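So the structure is just underneath, and the comments pick up after that.
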Amino acid sequence: MHTLKSEIAATAAALVVEEGLEYGPAKRRALKQMGLPARSELPDNGELEDAVREYIELFCADTQPAELAALRGLAVVWMERMQAFRPYLAGAVWHGTATRLSDIYIQLFCDDPKSAEIALIEHNVDYEPRTVTGFTGGSVEALSLSSLCKPLGEMVGVHLMVYDHDDLRGALRPDAKGRTPRGDLAAVQKLLMLDAELEK
């Protein structure tokens with residue numbers, strides 16, 4: 001069924017893939033591009049993710065798998081560096097919809113929220129602390145940095161979201177599609193092995 005909502009999702013999906021926009025801004029820009037009122041009913045994130053997958057299959061099937069594997073490889077590097085803080089990969093790089101324009105989102109679950117920041121300072125990593133909305137709906141600190149992704153030959157945004165250790169309990173409940181919403185280092189390494197198998 002072709003509805004206005006699915007048209008908005010398709011327009012927003014193109015912005016996510018081609019411009020690297022996050023879902024929220026992509027939906028708002030799609031409304032503007034389509035000349036629709038700001039109060040129009042928007043697709044939810046699940047519908048938009050489906051549209052992103054369709055767009056990738058149609059227009060990026062030859063390039064996206066390698067780009068995704070490169071980003072997952074870089075995510076593993078940072079998860080290994082931050083292993084003391086129970087890192088979990090989330091977002092498009094985890095779910096498989098990332099392209100070279102996507103950022104990497106790693107969630108850390110710390111006993112002491114400042115400890116992750118101290119670890120970056122000790123490793124002379126340039127980062128920018130920001131406050132963002134976390135998966136629990138509350139505010140969390142994000143430590144944002146740029147890291148070279150050698151296979152892509154580009155700097156990629158890496159965001160380390162710092163959660164309380166207790167937040168981990170609810171973090172692994174399946175999402176609306178029944179999937180694990182985030183993965184630990186072993187799970188990401190397994191995905192990379194599967195990616196490598198598919199490339200053969």
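Observations, loosely collected:
- Test set (1) closer than 16 Å to Thr3 by Cα; (2) surrounded by fewer than 17 Cβ atoms within 10 Å (Cβ to Cβ) - Arg53 fails condition number: (1)
- Conditions (1) loosely packed, with under 13 Cβ neighbours inside 10 Å; (2) within 19 Å of Leu152 (Cα to Cα); number of the one not met by Arg39: (2)
- Contacts under 7 angstrom Cβ, first residue in the stretch 177-192 being touching a residue at least 12 places away in the same chain (Cβ under 8 Å), partner aromatic (Phe, Trp, Tyr) and not in a helix (DSSP H, G or I), 6 or more apart: Arg182/Tyr88; Gly183/Tyr88; Asp184/Tyr88
- Of all the listed residues (Ala69, Ala51, Ala84, Ala75), the sole one being assigned by TED's automatic domain parsing to the domain that holds Leu185, assigned to a helix (DSSP H, G or I), touching a residue at least 24 places away in the same chain (Cβ under 8 Å) and farther than 17 Å from His159 by Cα is Ala69.
- The stretch 158-200, residues that are of a type in the set (Gly, Ala, Ser), at pLDDT 85 or above and assigned to a helix (DSSP H, G or I): Ala186, Ala187
- Total residues in the stretch 56-66, condition part of a helix (DSSP H, G or I), touching a residue at least 12 places away in the same chain (Cβ under 8 Å) and surrounded by fewer than 19 Cβ atoms within 10 Å (Cβ to Cβ): 3
Okay, residues lined up against (1) over 20 Å from Gly183 (Cβ atoms); (2) among the aliphatic types (A, V, I, L, M):
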residue: Val93; (1), (2): no, yes
residue: Gly96; (1), (2): no, no
residue: Lys114; (1), (2): yes, no
residue: Ala119; (1), (2): yes, yes
residue: His123; (1), (2): yes, no
residue: Gly138; (1), (2): yes, no
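- Among the residues of the stretch 159-169, those identified as closer than 15 Å to Thr133 by Cβ and either touching a residue at least 60 places away in the same chain (Cβ under 8 Å) or buried (at least 19 other Cβ atoms within 10 Å of the Cβ) (or both) are His159, Met161, Val162, Tyr163.
- Within the stretch 133-158, the set of residues being among the acidic types (Asp, Glu) and surrounded by 16 or more Cβ atoms within 10 Å (Cβ to Cβ) comprises Glu141 only.
- Of the set (1) modelled with pLDDT of 95 or more; (2) of a type in the set (Lys, Arg); (3) over 16 Å from Val93 (Cβ atoms), all apply to Arg53 but (3).
- Selection from the stretch 1-48 of residues that are over 24 Å from Arg100 (Cβ atoms) and without any contact (Cβ under 8 Å) to a residue 24 or more places away in the chain: Met1, His2, Thr3, Leu31, Lys32, Gly35, Pro37, Ala38, Arg39, Asp44
The values are calculated or read from the model by the stated rules, or taken from the named source; none is laboratory data. Predicted model only: the values in this text are computed from it and were never measured. Note that each Cβ is placed from the backbone with ideal geometry, even for glycine, and that neighbours are counted across all protein chains shown.
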